[in-house]
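One structure below.
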Amino acid sequence: MIKDGKQKIWADYQKEIPDDHWYYVRSCIRQNFFPASEKMFLEITRNVLGKDIYETPHHTTCGGIAYHADTIPQETAMTMIARQFALMTEAGYENYCPSCITSFGNYVETLETWREFPELEAKIRENLWKACKREFNKPKYLAHTSDLIYHWRDEIRKKAKHLLINKETGEPLRIVEHIGCHYSKMFPHKGVGGAEYPYVLAGMVESWGGQVIDYPERRHCCGFGFRQYLVKANRGYSVSNTHKKFESMEPYKPDAIITNCPGCPYFLDRWQYVIAEQTGKTYGENGYGIPVFTYEEIAGLVLGYDPWDLGLQLHQVAVEPLLNKMGVEYDPKAKYLGLNKEDLMRPEMPNSIKCC
Amino acid sequence: MIDFGFTLSKSSTVDLTTLDRSRYDQLIKLVPTARMCMNCGSCGATCTVGEYKGMSVRKVLYGIQRGEDVKAMLSSCMLCGKCTMVCPRGINTRNLILNLCKIYD
Amino acid sequence: MIDRIPSGFHPFVIPFLVGMAFVLLYCGFALLRIIHQLSWQDRKKFFLSLITPTTIYKNIRDIFANCLLHIPLWKRNKLFGYMHSSIAFGWFMLIVLGHLEVILFVPGRINLFYYPIFFNYFVAEADETIRGSLLFFLMDFFLLIVMSGIAMAMFRRIKNHVFGVKRMARPTFLNLVGLYSLWAIFPLRWLAESFTAHISGGSFMTIPANWLFRQFLGNELNMLPTWWAYSFALCIFMCVLPFTRYMHIPAEMLLIPMRNAGLKVRNSRKGFAKVEVFACPNCGVCIDACPMTVDNGNVKDCTVYLTRQLRRNNEERIQEISDKCLLCGKCEALCQVGVEGPGLRILERARRDYAVPFTYPATDKAIESRKVLYFAGCMTHLTPSIGRSVEAILKKAGVDFTWLDPQGGLCCGRPMFTAGRIAEAKSIVANMERLILESGCDTLLVSCPICYKMFRENYNLPGVQVTNYIPFINELIDSHKIRVEKSDICYVYHDPCELGRGCGMYNEPRQLLGRSAGIAESAHNREESICCGGSLGSLSLDFAQRENMTKAALNDLYTSNADAVATACPLCLATFARYADRPVKDIAEIVNNQII
Amino acid sequence: MKQNIVIIGGGIAGLEAAKQIHNLGYQTFLVEKSDHLGGHVASWHRLFPDMIATKPLIKDMISAIKGVTVFLETQVNDVEGVREGYRLSLSNGINITAQAVLVASGFQLFEAQRKEEYGYGIYDHVITNADLEAWMNGNKDQRIPAAPKAIGFVHCVGSRDLKAGNSQCSKVCCMTAIKQAIEMKERFPNAEVYCFYMDLRLFGKKYEDFYINAQRDFGIHFVRGRVSEVSETIDGRLQVKAEDTLIGRPLKVQLDTLVLMSGMCCNPLIQKLAEQARLEIDSDGFLKSRDNITNIIESGREGIFFAGACTGTKTVPETVAEARAAALSIHNYLLQND
């Protein structure tokens, strides 16, 4: 691997990311899968970095799941997006940052489609007006929330309590970065680092002391694939694709996986359990899986937040091996205590994959 | 093992690095002209049993290079030789089939 | 005549006796083994034939004509024929006359096996009798005949083509030993008899030699050594005989009665096949006959080498030779002893094991019920002019017919058969038989000679007459259903292997062609016709290797100076058309164009 | 007065035309932007179909233009139509008034790094056809291992690729790939060699024979499918993915070297030249000839002629033939104008 070559490409795919004043929209599913991640994003950006991040309870889904599951037409999805933009306009913001990769992809696709077909934009404006009497300005800057963390990665590094370094050996931790397909595969110039060698997560890992792993199936989808998972008959394809990725990354012995998409960490995490139960195979050390994180969770760990406040107890694959390597202090007994310190009870342990 | 109602599906990818091509290599030694196939498909188009069994020497020859099961096609060949007649590269297709029938297991 | 040696024995006969004992034991044992290997039906047939007067007569006639007089060789080339009959018949006569001498002059010694062979040593001339001088004359005469044959054989080693055979099989070491010992036997006998002639008497060959040798050599000293040498030459010849081509001498004498008994080759390694293999005299006629040997290529794949390798059990070479052959049948047609080169090869092919079984690709063809069912065959679908012409002729003649294979897709099974997959071919045949019989036709009309041979020999179609299109069209003309006029174009007719040698049809195509066009003949025609090189018989010959064969066959056709080439086989048509410098047409097409 | 003729571009078209024009008795100027003559061909190792070595070929071509004024490392700054013809101001400060101008500016090799998915410049063992020729010319290249077990060739890199901005077929790459595949197989007989192609376009003299040789005598594997992505395995090999379109299944293979057949693209300089000399650009982006069938060497403007790959992708013999034809056309044009 020639590092210079990659850097040349990364230099070609840089996008302008304003330093402050962002209108923030949440993901539909992340709040359920990894409930602390979005909270941590707001916590870090507002309280640690002191940025102005605006959020309104009036925003809805972008329609992405329905759009990608072929249940609503593109115009409907665009009208929903138009409403989101109207909310941003009404709040007085012009920088728009969605938390979801599919949303980000949809926003990019919508804006690019409007640029190519202005008559469609006019039609959507009309639709929106007919539906809810709202008007909107298109965002001046559109960035995914991982773009923002990437943008502020060095500021986070400065405040870091832990680094992605093995405490015992002093070696950088080997981190697999997995980018959501909708981040830049459709519009390479809209993602940091482009489509082939995206830099957004790699930049964070490098900045925080880790070592990025580039393995053959790096580009491959996590296996979610919307319809592949949503239709049970297709679910075998979904898990097979995840399996393919793990088989490919296995020889590199990764310490953790960092992701920036709502679906990816979920499927990379949960399918490890399914694969283990179906084939008996686990991919981490000593019968454990490879822990999978959102970039917010990793940022939280780097900044020294308590792992249980980051919601890491909700992961299927135990995160403790990574915490131990990083030297993060945690109370194993507190893992299953609620915010009110009440015992939430321990979940049933799987047969084939070791969990703490 | 837990039944989830779905299982890992088998990959359809041909992995040339790990694929066992010994059968093809063996065939090439016996019928060197088989290397010259350019996949024009004349053999399959003229094949006497092609219309019943989908037989095509091209598919057989390509299939064994890609780990496909070509036994059904092979077993339907009547050796009539039309494919030999039409092959523009002069591949000895009958010899190819007969030898494959011998070494295929 | 006086019996000169009281004991009637001299040690120099021992080598001869050893050789004789060895060869008799060997052949006797081989005979028993071969008879044992026959199926009981064949064995019964064989033994019965040996006591049936007609076959006895046939056997004697054939053995005399073939083994001694070599009549077929005379037909091929007079010098070649003389060379063989002089040695074989001359030697035979020497043996017969030798016995006669013993019976006449020293009847008490007839029980001594070696006496007739070394007669002149053991006797002394008492008084001249007319009887004796005639016999002595005959003995010397036949010795001269044999020696002239030997001299020709020696000359042949230098100038082969004079004998009408361009190439011989490369002799093995033992064959050379046999050859040289054979060459040595008769000059040595002549020398021995010459040295002894002043005692035993002799005739025009030996007496003058005796006189001549006396002038500068002396006879007494040389007498015994030459008798020893003669005996040794005989011993060597007989000891190597079972391992050389000279095994054909005893083998052919068994082959002829076995063939006359109606035995067929059933297994290429046992019984009758063994006899055929040993009967091959390695004469090399098949090398020149073989279309594959053009430009001296593939010589080692001719039938003479097949028999040689079969004797050696060299599996690799046997397979190679068996797979390569075009099965054109010319070697068999020209073979003096009738070695079935193609048949042996098909049986060899049948010995192979196939991991993939054959399954008949089921067809759901429904055939219309008509009087005549026309089967074009696979190859005709690649040469549609034939099928179209036959169809047009049938229509013009008002024949009630339909196609058995209008869109192709049916094979007669002949290619599978020649590939040696006999059981598989039978399953094709069974399916085709059902289809043909279900159609309810009277006549199965076949235009492809490959299919025709298969239908003739391997199908059982009760109530259905299988006919080739050539006699069928001839019949249409004879019965005035169609009329043809003669065109100005002169065609040379190429006899397709499967139609000519395969089905014996030589005259009918010429008759039909002659009715519609001019006819010329090429240098090699009828049973000597040269295969077009496209034959499906060969399994391993590649396209590139066949090119020269086709060109050679065409060049032979061009010797006729005809305007165009006519043939009666789709495979020949397609193969010739690839390289021909003049039009190549099927007879059906020619006839169809000349219908008025 | 001797008439001046300026040839822009010192590749094989420029060299051949310079020789012919000079021999016809004109004052000939050859302007070359690089520091050497011979263009792309000069850096090639051998040429198909007869495997002629290029070095002596180019040497002969250069020695044949004695008497021609050659300006190396020189570009045309401006072209101006004047009464006598065209006035060219060169970057070396010299101005020439020419009665005729021959554009022989050639092509540009596609920059393989633009096909990011192939990882040229990123993966350790990905090279281009030009790199391989340089290596065969004796240049050291770490990217080619000492004993490769598997070598791949990707046809149509940047050619027939609308997204790369090149709809044209680069014409020679199929043949070059087969040539190079054979050369690699000769050097590394134990290596498996794969050619990934979309169509094999082997139109020229003896090209198909080359293909047959590659199959029959060298056992080179032809895979009909375009490589979609390349990645690096843990042991530093390359994993290549394509669809085997002849069997309709995805295919992957690990290679030790991957050679990208960078195609011929428009030379970007012709854009500038076209503006200066008011020449038209054809719909494929190359210079537009008077017509593409009988008059490929004449531009739309009097006195400006074309030869070689400035009007489209060309083979070496086509280019040389065009150069000679252009020399004759210029000669006839000048005779007519006298």
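The values are calculated or read from the model by the stated rules, or taken from the named source; none is laboratory data. From a predicted model like this one, the values you see are computed outputs, not experimental measurements. Backbone-built Cβ (ideal geometry, glycine too); neighbour counts: all protein chains shown.
Which residues, taken from segment B:87-98, are more than 7 Å from chain C (Cβ to nearest Cβ) and assigned to a helix (DSSP H, G or I)? Can you show your working first?
Going residue by residue through segment B:87-98, those that are more than 7 Å from chain C (Cβ to nearest Cβ) are B:87-89, B:91, B:93, B:96-97.
Passing the criteria: B:THR93, B:LEU96, B:ILE97.
Select, from C:LYS330, C:LYS371, the only residue that is among the charged types (D, E, K, R), more than 29 Å from C:ILE596 (Cα to Cα), in contact with an Asp or Glu (Cβ under 8 Å, 6 or more places away or on another chain) and at pLDDT 90 or above.
Working: C:LYS371 fails: more than 29 Å from C:ILE596 (Cα to Cα).
Result: C:LYS330 is the single residue among C:LYS330, C:LYS371 that is among the charged types (D, E, K, R), more than 29 Å from C:ILE596 (Cα to Cα), in contact with an Asp or Glu (Cβ under 8 Å, 6 or more places away or on another chain) and at pLDDT 90 or above.
Within the group D:VAL157, D:VAL172, D:VAL223, which residue is within 23 Å of D:GLN108 (Cβ to Cβ) and either assigned by TED's automatic domain parsing to the domain that holds D:PRO49 or in contact with a Leu (Cβ under 9 Å, 6 or more places away or on another chain) (or both)? Give the derivation first.
Working: D:VAL172 fails: either assigned by TED's automatic domain parsing to the domain that holds D:PRO49 or in contact with a Leu (Cβ under 9 Å, 6 or more places away or on another chain) (or both); D:VAL223 fails: within 23 Å of D:GLN108 (Cβ to Cβ).
Matching residue, one of D:VAL157, D:VAL172, D:VAL223: D:VAL157.
Applying the selection to segment D:290-338, what residues are of a type in the set (S, T, N, Q), touching a strand residue (DSSP E or B) at 6+ places or on another chain (Cβ under 8 Å) and without any contact (Cβ under 8 Å) to a residue 40 or more places away in the chain? Working first, answer last.
Start the filter on segment D:290-338 by keeping residues that are of a type in the set (S, T, N, Q), which leaves D:292, D:294-295, D:299, D:311, D:313, D:315, D:319, D:329, D:332, D:336-337.
Still in the list and also touching a strand residue (DSSP E or B) at 6+ places or on another chain (Cβ under 8 Å): D:299, D:311, D:313, D:329.
Of everything in segment D:290-338, those that are of a type in the set (S, T, N, Q), touching a strand residue (DSSP E or B) at 6+ places or on another chain (Cβ under 8 Å) and without any contact (Cβ under 8 Å) to a residue 40 or more places away in the chain turn out to be D:THR311, D:SER329.
Can D:GLU243 be described as within 30 Å of B:LYS10 (Cβ to Cβ), assigned to a strand (DSSP E or B) and in contact with a helix residue (DSSP H, G or I) (Cβ under 9 Å, 6 or more places away or on another chain)?
On the way: within 30 Å of B:LYS10 (Cβ to Cβ): yes; assigned to a strand (DSSP E or B): yes; in contact with a helix residue (DSSP H, G or I) (Cβ under 9 Å, 6 or more places away or on another chain): no.
Answer is no for this residue.
Which condition number does D:GLY219 fail, the rest of (1) more than 12 Å from chain B (Cβ to nearest Cβ); (2) over 27 Å from the mean Cα position of the chain (by Cα); (3) closer than 22 Å to B:VAL14 by Cβ being met?
Every condition holds for D:GLY219 apart from (1).
Being in a loop (DSSP other than H, G, I, E, B), within 14 Å of chain D (Cβ to nearest Cβ) and either surrounded by 15 or more Cβ atoms within 10 Å (Cβ to Cβ) or without any contact (Cβ under 8 Å) to a residue 40 or more places away in the chain (or both) is the filter here, so list the residues in segment A:1-24 that pass it.
Going through segment A:1-24, the residues in a loop (DSSP other than H, G, I, E, B) turn out to be A:1-2, A:13-21.
Restricting the remaining residues to those that are within 14 Å of chain D (Cβ to nearest Cβ) gives A:1-2, A:13.
A:ILE2, A:TYR13 - these are the residues of segment A:1-24 that are in a loop (DSSP other than H, G, I, E, B), within 14 Å of chain D (Cβ to nearest Cβ) and either surrounded by 15 or more Cβ atoms within 10 Å (Cβ to Cβ) or without any contact (Cβ under 8 Å) to a residue 40 or more places away in the chain (or both).
Report the residue count in segment D:1-18 for those that are touching a residue at least 60 places away in the same chain (Cβ under 8 Å) and surrounded by fewer than 24 Cβ atoms within 10 Å (Cβ to Cβ).
2
May I ask you to say which residue of B:ASP20, B:ASP105 is over 30 Å from C:ASP405 (Cβ atoms), of a type outside the set (Val, Ile, Thr) and facing chain C (nearest Cβ under 7 Å)?
Working: B:ASP20 fails: facing chain C (nearest Cβ under 7 Å).
Among B:ASP20, B:ASP105, only B:ASP105 is over 30 Å from C:ASP405 (Cβ atoms), of a type outside the set (Val, Ile, Thr) and facing chain C (nearest Cβ under 7 Å).
I'm checking my understanding of the structure. Among residues of segment D:173-216 that are among the aromatic types (Phe, Trp, Tyr) and within 14 Å of chain B (Cβ to nearest Cβ), which one is nearest to the chain's Cα centre (by Cα)?
Filtering segment D:173-216 down to residues among the aromatic types (Phe, Trp, Tyr) leaves D:188, D:194, D:196-197, D:203, D:207, D:210-211.
When the remaining residues are screened for being within 14 Å of chain B (Cβ to nearest Cβ), the result is D:194, D:196-197, D:207, D:210-211.
Working: D:TYR194: 23, D:PHE196: 21, D:TYR197: 19, D:TYR207: 17, D:PHE210: 20, D:TYR211: 21 Å.
It comes out as D:TYR207.
What is the residue count in segment A:297-328 for residues that are more than 14 Å from chain B (Cβ to nearest Cβ) and either under 14 Å from A:ALA256 (Cα atoms) or hydroxyl-bearing (Ser, Thr, Tyr) (or both)? Write out each step before concluding.
From segment A:297-328, those more than 14 Å from chain B (Cβ to nearest Cβ) are A:297-315, A:317-328; that's our starting set.
If we keep only those that are either under 14 Å from A:ALA256 (Cα atoms) or hydroxyl-bearing (Ser, Thr, Tyr) (or both) as well, we get A:297-299, A:301-302, A:305, A:312, A:315, A:317-326.
Within segment A:297-328, residues that are more than 14 Å from chain B (Cβ to nearest Cβ) and either under 14 Å from A:ALA256 (Cα atoms) or hydroxyl-bearing (Ser, Thr, Tyr) (or both) number 18.
So is A:MET249 under 19 Å from A:PRO321 (Cβ atoms) and within 14 Å of chain D (Cβ to nearest Cβ) or not?
Numbers: under 19 Å from A:PRO321 (Cβ atoms): yes; within 14 Å of chain D (Cβ to nearest Cβ): yes.
For A:MET249, the condition - under 19 Å from A:PRO321 (Cβ atoms) and within 14 Å of chain D (Cβ to nearest Cβ) - is met.
Considering D:ARG278, D:ARG301, D:ARG290, which residue is over 21 Å from D:ASN332 (Cβ atoms) and of a type in the set (Lys, Arg)? Step through it out loud before you land on a result.
Numbers: D:ARG301 fails: over 21 Å from D:ASN332 (Cβ atoms); D:ARG290 fails: over 21 Å from D:ASN332 (Cβ atoms).
Among D:ARG278, D:ARG301, D:ARG290, only D:ARG278 is over 21 Å from D:ASN332 (Cβ atoms) and of a type in the set (Lys, Arg).
Restricting attention to segment A:216-246, and to residues there that are away from chain B (no Cβ under 13 Å) and buried (at least 18 other Cβ atoms within 10 Å of the Cβ), which single residue is modelled with the lowest pLDDT? Talk me through it step by step, then tell me what you get.
The first filter runs over segment A:216-246 and keeps only residues away from chain B (no Cβ under 13 Å), leaving A:218-219, A:221-222, A:224, A:226-227.
From what's left, buried (at least 18 other Cβ atoms within 10 Å of the Cβ): A:218-219, A:221-222, A:224, A:226.
Working: A:ARG218: 93, A:ARG219: 92, A:CYS221: 93, A:CYS222: 93, A:PHE224: 90, A:PHE226: 84.
By that ranking, first place goes to A:PHE226.
For every residue, the table says whether it meets (1) in contact with a Pro (Cβ under 7 Å, 6 or more places away or on another chain); (2) farther than 29 Å from D:TYR211 by Cβ; (3) at pLDDT 95 or above.
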site: D:GLN27; (1), (2), (3): no, yes, yes
site: D:ASP35; (1), (2), (3): no, yes, yes
site: D:GLY38; (1), (2), (3): no, no, yes
site: D:VAL41; (1), (2), (3): no, no, yes
site: D:ILE62; (1), (2), (3): no, yes, yes
site: D:THR69; (1), (2), (3): no, yes, yes
site: D:ARG83; (1), (2), (3): no, yes, no
site: D:SER89; (1), (2), (3): no, yes, yes
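Among the residues of segment B:47-74, how many are without any contact (Cβ under 8 Å) to a residue 12 or more places away in the chain and either within 7 Å of chain C (Cβ to nearest Cβ) or in a helix (DSSP H, G or I) (or both)?
Selection size over segment B:47-74: 3.
Go through segment C:337-451 and tell me which helices (runs of 4 or more DSSP H), entirely inside it, have 3 or more residues that are of a type in the set (Ser, Thr, Tyr) and either buried (at least 22 other Cβ atoms within 10 Å of the Cβ) or within 9 Å of another protein chain (Cβ to nearest Cβ) (or both).
Filter on segment C:337-451 gives an empty set.
Go through the residues of segment A:280-299 one by one and say whether even a single one is outside any helix (DSSP H, G or I) and under 12 Å from A:SER37 (Cα atoms). Full working, then the answer.
Going through segment A:280-299, the residues outside any helix (DSSP H, G or I) turn out to be A:280-284, A:288-294.
Next cut, under 12 Å from A:SER37 (Cα atoms) only: A:293-294.
Yes: segment A:280-299 contains one or more residues that are outside any helix (DSSP H, G or I) and under 12 Å from A:SER37 (Cα atoms).
Looking only at segment C:520-564, how many residues end up being more than 22 Å from C:PRO342 (Cβ to Cβ) and either touching an Asp or Glu at 6+ places or on another chain (Cβ under 7 Å) or not β-branched (Val, Ile, Thr) (or both)?
Initially, segment C:520-564 is screened for residues more than 22 Å from C:PRO342 (Cβ to Cβ), giving C:520-523, C:544, C:547, C:551, C:554-555, C:557-564.
Now narrow it down to the ones that are either touching an Asp or Glu at 6+ places or on another chain (Cβ under 7 Å) or not β-branched (Val, Ile, Thr) (or both): C:520-523, C:544, C:547, C:551, C:554-555, C:557-558, C:560-564.
Matching residues across segment C:520-564 total 16.
Let me confirm something: among A:PHE187, A:PHE267, which residue is away from chain D (no Cβ under 14 Å), among the hydrophobic types (A, V, I, L, M, F, W, C) and in contact with a helix residue (DSSP H, G or I) (Cβ under 8 Å, 6 or more places away or on another chain)?
Values: A:PHE187 fails: away from chain D (no Cβ under 14 Å).
Checking each option against the conditions leaves just A:PHE267.
Does C:HIS198 meet the test of being free of Cβ contacts under 8 Å to residues at least 40 places away in the same chain, within 30 Å of C:LEU138 (Cα to Cα) and not aromatic (Phe, Trp, Tyr)? Show your work before the answer.
Details: free of Cβ contacts under 8 Å to residues at least 40 places away in the same chain: yes; within 30 Å of C:LEU138 (Cα to Cα): yes; not aromatic (Phe, Trp, Tyr): yes.
Considered against the rule, which asks whether it is free of Cβ contacts under 8 Å to residues at least 40 places away in the same chain, within 30 Å of C:LEU138 (Cα to Cα) and not aromatic (Phe, Trp, Tyr), C:HIS198 comes out as yes.
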